[in-house]
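Here, each number is a calculation from the coordinates, and none is a lab measurement. Everything numeric here is computed off the predicted structure, so don't read it as measured data. Here the Cβ positions follow ideal geometry from the backbone for every residue, glycine too, while neighbour counts run over all protein chains shown.
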Amino acid sequence: MKTLVSASILSADFGHLSDELSRAEASGCDMIHFDVMDGHFVPNISYGVPVLKSIRKYSGLPFDVHLMISDPGAYLEPFAKAGADGITFHLEATANPVVIIDKIHSLGLRAGVSIKPKTDVSLLYPLVGLMDMALIMTVEPGFGGQGFIPETLDKIKALREYSSDIDIEVDGGISDKTAHLVRDAGANILVSGSYLFRATDMASNCKLLKNN
Ligand code: DX5
Ligand code: ZN
């Protein structure tokens, strides 16, 4: 499968967000990863619907929205209207993942389901065929710039063995040191924040994520 890179703007310079979006697009990134945190599901607060709505017009890339919030079902429509192309929610945040997947699809968007590093990957298996993408967190969600958790590699491998064609995204601690590990395990969409936005040459770092 072709490797795609989704640039997490959590590590961008918020004073120059439109320039940062252009830099990611010009550097060969394939998507913009938009991390939403509510200070409840994760111990941090980031940004939400008004920011997405405001910056959407500055990028031609698809917006890959990652909801790290306790009540994802309540916010699907506002994020869809603000310009999301895909919405990923956390399995740990809901008792009804199928209902949320259906709602995301009814809004015309791609549906992703994410698990934290300690969640059993087999809980995702019943959703293969319903969701478009699985997001396996490779750090505890909440902050950029953390170290990659190697134990998550087995989860990626197990899910790839279960499904040869589902999109598997990984998020957290992805750099030139870890990209080949997650790609070899079966991930095909790599989220990266600090490694891309703190680079002086983002294009070369983006290339290294795709083939190092
Ligand atoms: C963390 C977020 C990530 C974060 C990744 O909870 O979901 O998307 O921005 O940052 P890096 O690539 O710096 O680990
Ligand atoms: Zn994320």
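Some notes on this structure:
- Equivalent ellipsoid dimensions for region 149-197 as semi-axes, Å, which come from the Cα gyration tensor, largest first: 19, 11, 8
- Taking 0.36 nm per residue of separation and subtracting the current Cα-Cα distance, fully stretching the chain between Ser18 and Glu140 would add 41.1 nm.
- Helical mean residue ellipticity (222 nm; -39500 (n - 2.57) per DSSP H run of 4+; nearest 500) of the chain: -8000 deg cm²/dmol
- Using a Förster distance of 41 Å, the FRET efficiency for Glu92-Lys2 (Cβ separation, nearest 0.05): 0.90
- Across region 74-104, the residues whose backbone nitrogen lies under 17 Å from the label position 7 Å along the beta-carbon direction of Leu130 are 74, 87-104.
- The magnitude of the dipole of the chain, with charges of +1 and -1 set on the Cβ of Lys/Arg and Asp/Glu and taken from the Cα centre, is near 260 debye.
- Under the criterion of Cα pairs below 8 Å and six or more residues apart, the relative contact order for the chain equals 22 percent.
- Cα-Cα P(r), region 26-179, percent of pairs per 5 Å interval: 2, 9, 20, 22, 23, 16, 8, 2, 0
- Evaluated on region 30-70, the Kirkwood hydrodynamic radius is 10.8 Å, with distances taken between all distinct Cα atoms.
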